[in-house]
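We did not get these values from a lab; they are worked out from the coordinates using the rules stated. Given the structure is predicted, the values throughout are model-derived calculations rather than measurements. No Cβ is skipped: glycine too gets one built from the backbone with ideal geometry, and neighbour counts run over all protein chains shown.
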Amino acid sequence: MQKRGQVTLFIILGIIVVALVALIMFSKQANIYTPATQENLQGKMDAIEQNIQDCLEDASGEPLNRIAQQGGYLTVIPGSYRLWNDSTISYLCWNQQGQRQCMNRMLTRAYMQEQLNVAIKQQVETCLDVQGEGDLIKTYDMVLPKDFSIDTVIGQDKVMVEMNYPITLKSKTADTQVSKKLFTKIFNVPLGDLYDVSQDIVNAEATAFFD
């Protein structure tokens, strides 16, 4: 009789343990399982966009500061710069022997943007991770391109860094999908204003009328 009671107690405890495990698993699954509805897929895309914007911010800060500090050039070569307070300042106009005018080096915004495009892309490649941990139960497929491009636009008081990286999230069981191609990050950096001031000075020096 006593043994039968012990067996019954173990059975009851076993049922309770199984029920608790099932409850925990159900609770976890409720958190990790996201139906591939239009709304949920858009939520996933919004999270991906934030991830990419964070990566763009991390990747762009150093090149933007360096190109401003170095007078419009990310890479300097011997004889093309002067050290000032431990900073490397590029020459924008070359002295001509026997003449008051200098020879304009012809730095353009387009060239500055090209330099930034290359440098920022290299940095983005080190921080880009749109996959992340993701959902443990995948109800959608993520379609990614093999490569991406960076387009930098230097404004007067802002710099826009745009990443062309088409992403599509597609439901595995329905025709539902969301897509996004361009991801943008704006930096409050007056690089355009600095460029314009430097060019005003250079142009005046090139005509020997700078005051």
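Couple of notes before you dig in:
- Region 134-211 - percent relative contact order, Cα under 8 Å, separation 6 or more: 28 percent
- In region 111-205, the ratio of gyration radius to Kirkwood radius, Rg to Rh, stands at 1.17 when only Cα atoms are counted.
- Placing a pseudo-label 7 Å from each Cα along the Cα-to-Cβ vector at Gln156 and Asp46 gives an inter-label distance of 3.4 nm.
- The simple Förster model, with R0 at 22 Å and r as the Cβ-Cβ distance, assigns Arg66 and Gln122 a FRET efficiency of 0.95.
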